[in-house]
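Contents: one structure, followed by commentary.
The values are calculated or read from the model by the stated rules, or taken from the named source; none is laboratory data. Please read these numbers as outputs of a predicted model, since none were measured by experiment. Methodologically, a virtual Cβ is constructed for each residue, glycine included, from the backbone with ideal geometry; neighbour enumeration extends over all protein chains shown. The protein model used for the area step is the full one, side chains on, heavy atoms only, and it has no ligands, DNA or RNA in it. Shrake-Rupley method; radii C 1.70, N 1.55, O 1.52, S 1.80 Å.
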Amino acid sequence: MPGLLLSDLATRRYMSGPDLALLIAVVLLENFGYRQVVSWWGCLGTAQVLTGTGGGWGVMKRRAFKSA
C-alpha cells in the first residue's frame with residue numbers, strides 16, 4: 001500500500017476518486033486467501049517434520065535416460 005501511495009503521488013495517474021478507491025480495494029483484497037493458504041501449508045509441514053508424522057517423499061527409484 002505505501003508503494004501505491006508513493007506511485008500515485010509521483011505520477012498523479014490514479015487521482016480520480018473511483019479509480020483510486022478501486023485500486024486501493026484491489027491492493028487490500030489480493031492479500032487475503034493465497035497468503036493464508038501458503039502460511040497454513042508451511043505451519044502444517046513444520047509440525048509434521050517436528051512430530052515425525054509426515055510421509056516424506058517416499059522411495060525414489062533411480063532411472064537412467066533412455067538412449068536414442
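Observations on the model:
- One residue from 29, 23 being within 30 Å of residue 3 (Cβ to Cβ) and open to solvent by less than 80 Å² (accessible area, probe 1.4 Å): 23
This table checks each residue for (1) closer than 23 Å to residue 3 by Cα; (2) at pLDDT 80 or above; (3) not in a loop (DSSP other than H, G, I, E, B).
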site	(1), (2), (3)
35	yes, yes, yes
39	no, yes, yes
44	no, yes, yes
48	no, yes, yes
62	no, yes, no
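- The number of residues in the range 16-33 being under 24 Å from the mean Cα position of the chain (by Cα), assigned to a helix (DSSP H, G or I) and acidic (Asp, Glu) comes to 0.
- Every condition in (1) at pLDDT 80 or above; (2) on the phi > 0 side of the Ramachandran plot is met by residue 29 except one, and the failing one is (2).
- Of all residues making up the range 3-15, the number that are at pLDDT below 70 and within 14 Å of residue 31 (Cβ to Cβ): 1
- Any chance residue 57 is on the phi < 0 side of the Ramachandran plot, under 15 Å from the mean Cα position of the chain (by Cα) and either hydrophobic (A, V, I, L, M, F, W, C) or open to solvent by 90 Å² or more (accessible area, probe 1.4 Å) (or both): no
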